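What follows is a single structure, written as structure tokens, with notes after it.
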Amino acid sequence: ERTLAIFRDRASGILDQAVGGHEGNFLKAVILGQRWLIEPDMEDSFSKTGLAHILAVSGLHVGYIVVLLNLIRSLLKLSNRAILLLQAVVLVLYCFLTGASPSVARAVIMALIYLAGQAIGRKPDIINSAGTAAFLILLFRPLDIFEISFQLSFLAVCTIGLFTEPIQNAL
């Protein structure tokens, strides 16, 4: 926990040095999950325009990290096991760095399942990955099942998993 706080503070300091001001606070909110740094009027503007979800660290952010990690994977000449270990460390660190909300935990677990499958040549299955992620989260935090963020996160992913193929086929 202490090491994580040091790492979070260091990342926050880097954003302050590189960007600073309101923009730096915005980046800290959307990258590190430090939403309290956004001024109320700015948060209000995001709500009024229907863009408040951008402020929440979610699976989208984890997706960006996976894309970046896959780019790094293509550049480095490491074994599948070594690159998977690097990807897992980065994703788990990011999950804890942002507070391990249900949506981020779900996305990280699903990303790890996807990346592990990719490393051994397996085809991804979104429903099985979501089910495994839900099981693991509830194993450690059973009361999350009553959280709306947990419910909506899994509802969204399962809806995508169930309806993507039929909609693509219909089009």
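The values are calculated or read from the model by the stated rules, or taken from the named source; none is laboratory data. No experiment lies behind these values; they were computed from the predicted model shown. With ideal geometry, Cβ positions are generated from the backbone for all residues, glycine too; neighbour counts draw on all protein chains shown. Heads up: the accessible areas ignore ligands, DNA and RNA and are worked out on the full protein's heavy atoms, side chains in. Shrake-Rupley method; radii C 1.70, N 1.55, O 1.52, S 1.80 Å.
What value, in deg cm²/dmol to 500, does the helix sum -39500 (n - 2.57) over DSSP H runs of n ≥ 4 give at 222 nm once divided by the residues of the chain?
The per-residue figure over the chain is -25500 deg cm²/dmol.
Full extension from Arg122 to Ala156: what is 0.36 nm times the residue separation minus their Cα-Cα distance, to one decimal in nm?
This chain segment gains 9.9 nm when fully extended.
So which lysines can Lys28 reach, going by Cα to Cα under 30 Å and dropping same-chain residues fewer than 8 places off?
Of all the lysines, those that pass the test against Lys28 - Cα under 30 Å, at least 8 places apart if same chain - are Lys48.
For a quick check, take a GNM of the chain with Cα springs below 10 Å and name the residue from Ala116, Ala52, Ala133 with the largest mean-square fluctuation.
Ala52
What is the dipole size for the chain, taken about its Cα centre, with +1 at each Lys and Arg Cβ and -1 at each Asp and Glu Cβ, in debye to the nearest 20?
780
Apply the Debye scattering formula to the chain, with a single equal point scatterer on each alpha-carbon and no solvent, then give log10 I(q)/I(0) at q = 0.16 Å⁻¹.
Taken in order of the listed q values, log10 I(q)/I(0) reads -1.10.
Distance between Cα centroids, the stretch 115-136 to the stretch 78-98: provide it in whole Å.
Each part's Cα centre sits 16 Å from the other's.
For the chain, with all protein chains present and a 1.4 Å probe, just round the carbon and sulfur fraction of the accessible area to a whole percent.
Carbon and sulfur atoms account for 67 percent of the accessible area of the chain.
FRET efficiency for Ala18 and Leu171, Cβ-Cβ distance as r, R0 = 41 Å, nearest 0.05?
0.45
Per residue, how large is the accessible surface of the chain? Use a 1.4 angstrom probe and give square angstrom.
64
Restricting attention to the stretch 1-88, which GluC sites (Glu not before Pro) occupy a DSSP loop and are surrounded by at most 14 other Cβ atoms within 10 Å?
Glu1
Calculate I(q)/I(0) for the stretch 10-94 by the Debye formula, one identical point scatterer on each C-alpha and no solvent, and give its log10 at q = 0.18, 0.19 Å⁻¹ to two decimals.
-0.85, -0.90
Cross-link candidates for Lys77: which lysines have Cα within less than 28 Å, leaving aside residues fewer than 8 places away along the same chain?
Within the straight-line limit of under 28 Å, Lys77 reaches these lysines: Lys123.
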